[in-house]
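Down below is the structure, laid out as structure tokens.
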Amino acid sequence: MENPQDTRQLTSLIEALLLISGGGMSVNEIANGLGFEASDVKIALDSLVDDFLERDGGIIISESGGRYRFATRPEVFPMIRNYLKEKKRDTLSRSVLETLAIIAYRQPITLFEIDEIRGVNSRSLVTSLISRKLVKPIGQKEAPGRPTLYGTTREFLEYFGLNGLEELPPPAEVKELNFEEL
């Protein structure tokens, strides 16, 4: 590739592709995905790797096992380690996500109804969701014992980047998570 404009375009495309790929990509995957020759991709990729190293920022492009990906510069990692620990602690387990999905799609819903759908006791999961401010009590059901009704919160919408419950994906799209009861 002799045209500098084409080279700049290719490096821009590679940079964008690496950003969205998450797990990294090989030279051949990039070449096939973008429709360029592997040799041109390798040259542009090497240039991009050098550019990130020279700018001395917090991000580099690393290569491991023939796959290229964005990575944190090793020198800055110790300074962001605490943030990563917090973020990891804030991730939701599969059972918590399942319970949250049931509440989101079926609200207002009682703990008994959640337990019926899941087939197991969900009290601790609902308590965890309340402590994370993703779920809150929103009233009481007009039934014997007046059980508490639960619903999602504004924080739930923010956590998942939604403006409203109408933006939830249809339950059919959540099927791979085995939420057939929704």
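The values are calculated or read from the model by the stated rules, or taken from the named source; none is laboratory data. These numbers were taken from a predicted model, which means no experiment stands behind them. So basically every Cβ, Gly included, is an ideal-geometry build from the backbone, and we count neighbours across all protein chains shown.
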Practice item. Take segment 18-32 and flag every residue that is surrounded by 16 or more Cβ atoms within 10 Å (Cβ to Cβ) and assigned to a helix (DSSP H, G or I). Key: L18, S21, V27, E29, I30, A31
Point to revise | Residue pairs meeting the criteria (Cβ under 6 Å; at least 6 apart or on separate chains; first in a loop (DSSP other than H, G, I, E, B), in segment 69-96; second surrounded by 10 or more Cβ atoms within 10 Å (Cβ to Cβ) and at pLDDT 85 or above) | key: R73/G58; R73/I60; V76/G58
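Could you grab me the full set of residues in segment 33-68 that are among the polar types (S, T, N, Q), part of a helix (DSSP H, G or I), out of contact with any Ser or Thr (no Cβ under 7 Å at 6 or more places or on another chain) and touching a residue at least 40 places away in the same chain (Cβ under 8 Å)? Give the steps one after another, and end with the answer.
Quick first cut of segment 33-68, residues among the polar types (S, T, N, Q) only: 39, 47, 62, 64.
Right, trim to part of a helix (DSSP H, G or I) and you get 39, 47.
Now drop any that are not out of contact with any Ser or Thr (no Cβ under 7 Å at 6 or more places or on another chain), which leaves 39.
Across segment 33-68, there are no qualifying residues.
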Review point. Could you say whether any residue in segment 17-35 is at pLDDT below 90 and acidic (D, E)?
Key: no
Exercise for review: Being under 20 Å from D115 (Cα atoms) and in contact (Cβ under 8 Å) with a residue 24 or more places away in the chain is the filter; apply it to segment 144-161 and report the residue that is farthest from the chain's Cα centre (by Cα).
Suggested key: P147
